[in-house]
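Worksheet for the structure shown next.
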Amino acid sequence: MKRYNLITILNRIPILFLVIFVTLQSCDNKLDTSSETSLSSATVFDTEARIEGLTNGLYKSMKAGNLYSGYLLLYGDLRAEDFVCRTENALTGGYVWSNTFANTTGDITNTWEQLYSVINNVNNYITGLESSEVISATQKNHYLGEAYFLRGLAYFHLVTLYAQPYTKDQGTSKGIPLRLIAENSSEHNDLARSTVAEVYAQIVDDLNKAEQLLPESYESKLKNTTRAHKNTAIALKTRVFLSKGEYASVVSEAIKIVPQTIRPFSATTGVKATLQDDVTSIFYSDYTSTESILSFPMTASDTPSGVSLSEAFYANRIDYVLNNSSTGIISDTEWRETDKRRTFVTFNTTIGEYTLAKFKHVSPSIDYVPAIRYAEVLLNYAEAAAKTGNLSLAVELLKAVRLRSDNSYEFSESALSANNIEATIAKEKRIELLGEGLRATDILRKLDIFPVKPTLSSMNPVAVGPNDKNYIFPIPNSEILTNKLINQ
């Protein structure tokens, strides 16, 4: 059997009972990654402590090298216009950056396999947990809610990376295989792709279940940031419905955690999400702020797998620098020097280039990796409000984000007009969420073009549009070789 065939099969066999039995330390300062490899599947759900460890293990599996160790964020930004490749290391997203990947490219294969590994872990966890009788019904529901949330998150990444945008044809294109049962062998490898619409329906179903089952909050700021709660599921649904172009649904979800119509905005139920007064504190000091709806924690004993965001963007390697040409967001004159977010842009005198300083910790790389922030929810809501005709609310939401970082800024009348407000919100998202992996999703759902950008290496980027071969990631060759139904 060829190596990539074996890898694909092994990635579908659950590792829950082998290496990801994790417990949350009582000191409440990190997720411990110690393993109990002697446990069997028959006993692994027989104590509350073991179930808690397995739950933490699901989050740990989401921190795999090509996932929330940082690469998912890299891929989400590199394809767009704001970063320039300066090294010859194609293995750190170079082919993704240049849009010259193939179905054998490591980034394409590894991300696919790791996301399906997460999904299979969740499926096995749900099966085992549902038969367990050692915890209360309430606690079981909380754990199930976390599992459904993580499966919905994993499928969202798969469908946005490897399938045509829902907005292209209302989801009628072939999407990805929906694997919803626990697999312990290669017996069920052969599975046809569901449509994009069917995958999104499953994501929404998972997130709706998660919202109903998840707790309102946890007992600590750390858990409120690193474990899913009701507002986490709601926040992710604003992103999901925005990707579908279902703006009324974005509004109906956002209003649950953004009930106000004028500033300041904050959630009034569950974890009281709100914007932090100082945007820099979210990344430099307070990783567990109420703005951080979900982050994946890193510690000195649990650092990112592979290359961290701080290494890729800021120090040591610096594979990618900021695009300072006229097409790069840092060159936009409306992003003023008085804006606190400008502290995330630094000039490295050694290499003579501008770099992103959002993630600055190296040796060890202990920056938490953000998955969802309240600022994103506000901007998702702003776009949906504009699309559904509520211009005044869209302006209020937009101003909340901009004025938090540049309180003397005044938008022009033209920028806030009905004709231009959506473009103004889109620009604000590029500024606010720079380096957080959401740019490609916005380009895809709007059916825009991934543009050509400058290069500082031998890698030559190409532009790709909705009808081009590499507009989305291809189904990996390893999947084609082991799944006879994938192309049917």
Note on region 291-323: residues of a type in the set (A, V, I, L, M, F, W, C) and part of a loop (DSSP other than H, G, I, E, B) are Met298, Ala300, Val307, Ala315, Ile318
Among helices (runs of 4 or more DSSP H) completely within region 220-269, the ones holding 3 or more residues that are open to solvent by less than 10 Å² (accessible area, probe 1.4 Å) are 230-244, 247-257
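How many residues, within region 299-310, are open to solvent by less than 40 Å² (accessible area, probe 1.4 Å) and more than 16 Å from the chain's Cα centre (by Cα)?
Within region 299-310, residues that are open to solvent by less than 40 Å² (accessible area, probe 1.4 Å) and more than 16 Å from the chain's Cα centre (by Cα) number 4.
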Practice task
Please indicate, with yes or no, whether at least one residue in region 444-461 is more than 18 Å from Asn103 (Cα to Cα), open to solvent by less than 20 Å² (accessible area, probe 1.4 Å), aliphatic (A, V, I, L, M) and outside any loop (DSSP other than H, G, I, E, B).
Solution key: yes
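Looking at Arg79, is it under 21 Å from the mean Cα position of the chain (by Cα), touching a residue at least 40 places away in the same chain (Cβ under 8 Å) and under 20 Å from Lys453 (Cα atoms)? Before you say what the answer is, go through the steps one by one.
Values: under 21 Å from the mean Cα position of the chain (by Cα): yes; touching a residue at least 40 places away in the same chain (Cβ under 8 Å): yes; under 20 Å from Lys453 (Cα atoms): yes.
Spelling it out, Arg79 is indeed under 21 Å from the mean Cα position of the chain (by Cα), touching a residue at least 40 places away in the same chain (Cβ under 8 Å) and under 20 Å from Lys453 (Cα atoms).
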Among Thr350, Thr327, Thr343, Thr333, the single one that is part of a helix (DSSP H, G or I) and open to solvent by 10 Å² or more (accessible area, probe 1.4 Å) is Thr343
For Lys429, indicate whether it is in contact (Cβ under 8 Å) with a residue 40 or more places away in the chain, under 21 Å from Asp339 (Cβ atoms) and open to solvent by 30 Å² or more (accessible area, probe 1.4 Å).
-> no
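Name the residue that is most open to solvent (accessible area, probe 1.4 Å), counting only residues in region 378-403 that are in a helix (DSSP H, G or I) and of a type in the set (S, T, N, Q). Spell out how you get there, then give the answer.
At the first step, the residues of region 378-403 found to be in a helix (DSSP H, G or I) are 378-387, 391-403.
Checking which are of a type in the set (S, T, N, Q) leaves us with 380, 392.
Numbers: Asn380: 1, Ser392: 83 Å².
Within region 378-403, the match that is most open to solvent (accessible area, probe 1.4 Å) is Ser392.
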Exactly one of Lys168, Lys140 is without any contact (Cβ under 8 Å) to a residue 12 or more places away in the chain and among the basic types (Lys, Arg), and that residue is Lys140
Residues of region 104-125 being more than 18 Å from Phe450 (Cβ to Cβ) and not in a helix (DSSP H, G or I), in sequence order, are Thr104
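Can you name every residue in region 137-163 that is in contact with a strand residue (DSSP E or B) (Cβ under 8 Å, 6 or more places away or on another chain) and either in a helix (DSSP H, G or I) or open to solvent by 20 Å² or more (accessible area, probe 1.4 Å) (or both)?
Start the filter on region 137-163 by keeping residues that are in contact with a strand residue (DSSP E or B) (Cβ under 8 Å, 6 or more places away or on another chain), which leaves 153, 163.
Hit for region 137-163 is Leu153, nothing else.
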**Boolean, Ser186 is modelled with pLDDT under 95 and open to solvent by 10 Å² or more (accessible area, probe 1.4 Å)** = yes
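Is region 402-409 home to any residue that is hydrophobic (A, V, I, L, M, F, W, C) and either without any contact (Cβ under 8 Å) to a residue 40 or more places away in the chain or farther than 20 Å from Leu74 by Cβ (or both)? Talk me through it step by step, then tell me what you get.
The first filter runs over region 402-409 and keeps only residues hydrophobic (A, V, I, L, M, F, W, C), leaving 403.
Restricting the remaining residues to those that are either without any contact (Cβ under 8 Å) to a residue 40 or more places away in the chain or farther than 20 Å from Leu74 by Cβ (or both) gives 403.
Scanning region 402-409, I find at least one residue that is hydrophobic (A, V, I, L, M, F, W, C) and either without any contact (Cβ under 8 Å) to a residue 40 or more places away in the chain or farther than 20 Å from Leu74 by Cβ (or both), so the answer is yes.
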Of the residues in region 274-290, those that are surrounded by fewer than 21 Cβ atoms within 10 Å (Cβ to Cβ) and in a loop (DSSP other than H, G, I, E, B) come to Gln276, Asp277, Asp278, Ser285, Asp286, Thr288, Thr290
Looking at region 374-389, can you tell me whether even one residue there is at pLDDT 95 or above, closer than 18 Å to Ala235 by Cβ and basic (Lys, Arg)?
no
Leu434 meets each of (1) open to solvent by less than 10 Å² (accessible area, probe 1.4 Å); (2) without any contact (Cβ under 8 Å) to a residue 40 or more places away in the chain; (3) assigned to a loop (DSSP other than H, G, I, E, B) with one exception, condition (2)
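Among the residues of region 404-416, is any outside any loop (DSSP other than H, G, I, E, B), in contact with a Leu (Cβ under 9 Å, 6 or more places away or on another chain) and surrounded by 13 or more Cβ atoms within 10 Å (Cβ to Cβ)? Break it down into steps so the answer makes sense when it comes.
First, the residues of region 404-416 that are outside any loop (DSSP other than H, G, I, E, B): 404-405.
Pick out the ones that are also in contact with a Leu (Cβ under 9 Å, 6 or more places away or on another chain) and you get 404.
Next, from what is left, pick out any that are surrounded by 13 or more Cβ atoms within 10 Å (Cβ to Cβ): 404.
Yes, the conditions are met somewhere in region 404-416.
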Of the listed residues (Asn89, Asn66), the one being closer than 14 Å to Gly306 by Cβ, in contact (Cβ under 8 Å) with a residue 24 or more places away in the chain, polar (S, T, N, Q) and surrounded by fewer than 21 Cβ atoms within 10 Å (Cβ to Cβ) is Asn89
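Go through Leu67, Leu10 for me and flag whichever is modelled with pLDDT of 50 or more and of a type in the set (A, V, I, L, M).
Details: Leu10 fails: modelled with pLDDT of 50 or more.
Step by step, each of Leu67, Leu10 is checked, and only Leu67 is modelled with pLDDT of 50 or more and of a type in the set (A, V, I, L, M).
The values are calculated or read from the model by the stated rules, or taken from the named source; none is laboratory data. These figures come from a predicted structure and were not determined experimentally. FYI the Cβ positions are ideal-geometry reconstructions off the backbone, even for glycines, and counts take in every protein chain you see. Note: accessible area is taken over every heavy atom of the protein model, side chains too, but ligands, DNA and RNA are not part of it. Shrake-Rupley method; radii C 1.70, N 1.55, O 1.52, S 1.80 Å.
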